[in-house]
Amino acid sequence: MRRELPSSRGLRRRRAPQAARRAPARHAGFTLVEAMVALGLGLVVVGALVAAYLAAAQGGRHNDAMVQITEDATLALSVMRQQVAQAGFGVAHGTAATGPVLHEFPPVLGCEAANFGDLQAGILSPAACAGDGGSGAAAPDSLEVAYEASVLPGAASNGILGGAAGDQPLDCLGNAFAPTHDGAKGDYYLNDSKFYVAAGNLYCHGPGNAAGAAVVQNVETLQVRYGMALVGAGQPGAGQIAYYDVAPPLGSPLWADVVAVSLCVQVRSAAKVLDTAARATLGGYIDCDNVQRASGDGYLRRSFSTTVVLQNRLP
């Protein structure tokens, strides 16, 4: 018996339902929720990295500022200490019945919360201190130190020699200066240095220059206190410090009792390194009066001090 093949139209009709029942193909990818979660996690990681970087940068700036402050303070105190340590030194220019013949001059003078009225006036004839301009005790002090510079061969001199012939003492700025005339005891080199603060810098004026010059930057305040001895030479306890006080008035007999000098400098960072958040923790400092202060302008501040005994004033 002969069978007839179904027509192609019939096959297509029967296969269509099978093709329609096939599951649609799924494409790989992220849903919107998954993308949002991944984006949130990425932002958290990036935020943590940025915060860590900013904290490290802030810490680096703070450390650099502390190094700069320490270096400036060390240099400022070293420059003044080197001069103060020699205050009152004199070279014998002969002998007499009472002992060596020495030139007479004040070893130290100073002004409290004020500058010198005349930088050209030497320690032998000091001018009055300038007014503090109404700033009161917050104004920096000033200090004048004098000693006789010796001119001896080699390293025997108490200072650096220079000048045209290489045999003249140099002042605090490295300039040669002329000798001081003394008709009775002979001419001598009186190294007379004035230290003061102006425009945020420590200045020095020596006898070899017409005007002072900055020797250390970023010094905001210079405070000088003088160790006073109440017992005169030749008596028990002579030379012992009884108390520290501010500078006596120029011409006061109390200057003869000074046997030590205490120096304090307040130094700030060269740039602003404290943001608003860091000022509460890193902006605090102790000033030269031992008072807790807060730096509110972004600068880091610290104070440093040293005390120098005037060995040439001791009996």
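Some values worked out for this structure:
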| quantity | calculated |
| --- | --- |
| Any hit, segment 295-315, residues being under 29 Å from C172 (Cα atoms), charged (D, E, K, R), touching a residue at least 12 places away in the same chain (Cβ under 8 Å) and touching a Phe, Trp or Tyr at 6+ places or on another chain (Cβ under 7 Å) | yes |
| Neighbours by Cβ (under 7 Å, 6+ apart or cross-chain): first from segment 114-137, modelled with pLDDT under 90; second polar (S, T, N, Q) | A130/N115 |
| Scope segment 211-265; condition part of a loop (DSSP other than H, G, I, E, B), under 24 Å from the mean Cα position of the chain (by Cα), aliphatic (A, V, I, L, M) and surrounded by 17 or more Cβ atoms within 10 Å (Cβ to Cβ); matching residues | A247 |
| Test for S142: is it loosely packed, with under 11 Cβ neighbours inside 10 Å and modelled with pLDDT of 90 or more | no |
| Condition broken by V291, with the remaining ones in (1) within 19 Å of Q223 (Cα to Cα); (2) touching a residue at least 12 places away in the same chain (Cβ under 8 Å) satisfied | (2) |
| Output for segment 195-215, where each listed residue is under 15 Å from L263 (Cα atoms) and among the β-branched types (V, I, T) | V197 |
| Failed condition for D187, given (1) acidic (D, E); (2) surrounded by fewer than 22 Cβ atoms within 10 Å (Cβ to Cβ); (3) in contact (Cβ under 8 Å) with a residue 24 or more places away in the chain | (3) |
| Search result, residues across segment 278-294 that are among the small types (G, A, S) and either in contact with a helix residue (DSSP H, G or I) (Cβ under 9 Å, 6 or more places away or on another chain) or closer than 30 Å to Y244 by Cα (or both) | A278, G283, G284, A294 |
| Index of the failed condition, Y243 passing every other in (1) free of Cβ contacts under 8 Å to residues at least 40 places away in the same chain; (2) touching an Asp or Glu at 6+ places or on another chain (Cβ under 9 Å); (3) among the hydroxyl-bearing types (S, T, Y) | (2) |
| Residue match in segment 83-97 (condition: surrounded by fewer than 18 Cβ atoms within 10 Å (Cβ to Cβ) and within 24 Å of the chain's Cα centre (by Cα)) | yes |
| Single residue of segment 266-290 satisfying the filter (aliphatic (A, V, I, L, M) and within 18 Å of the chain's Cα centre (by Cα)) that is surrounded by the most Cβ atoms within 10 Å (Cβ to Cβ) | V267 |
| Residues (assigned to a strand (DSSP E or B) and under 15 Å from A146 (Cβ atoms)) located in segment 171-188 | T180, Y188 |
| Residue count, segment 65-113 (criterion: part of a strand (DSSP E or B), of a type in the set (A, V, I, L, M, F, W, C) and at pLDDT below 90) | 1 |
| Residues satisfying the stated conditions in segment 167-193, i.e. within 18 Å of G110 (Cα to Cα) and touching a Cys at 6+ places or on another chain (Cβ under 7 Å) | C172, S193 |
| Residues satisfying the stated conditions in segment 267-286, i.e. within 16 Å of L77 (Cβ to Cβ) and either outside any strand (DSSP E or B) or touching a Leu at 6+ places or on another chain (Cβ under 8 Å) (or both) | R268 |
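A quick yes/no check of all residues on (1) in contact with a Ser or Thr (Cβ under 8 Å, 6 or more places away or on another chain); (2) of a type in the set (G, A, S):
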{"site": "I69", "(1), (2)": "yes, no"}
{"site": "D72", "(1), (2)": "no, no"}
{"site": "Q82", "(1), (2)": "no, no"}
{"site": "G88", "(1), (2)": "no, yes"}
{"site": "T98", "(1), (2)": "no, no"}
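The values are calculated or read from the model by the stated rules, or taken from the named source; none is laboratory data. Predicted model only: the values in this text are computed from it and were never measured. Positions of Cβ are generated from backbone atoms using ideal geometry, with glycine treated the same way; all protein chains shown enter the neighbour counts.
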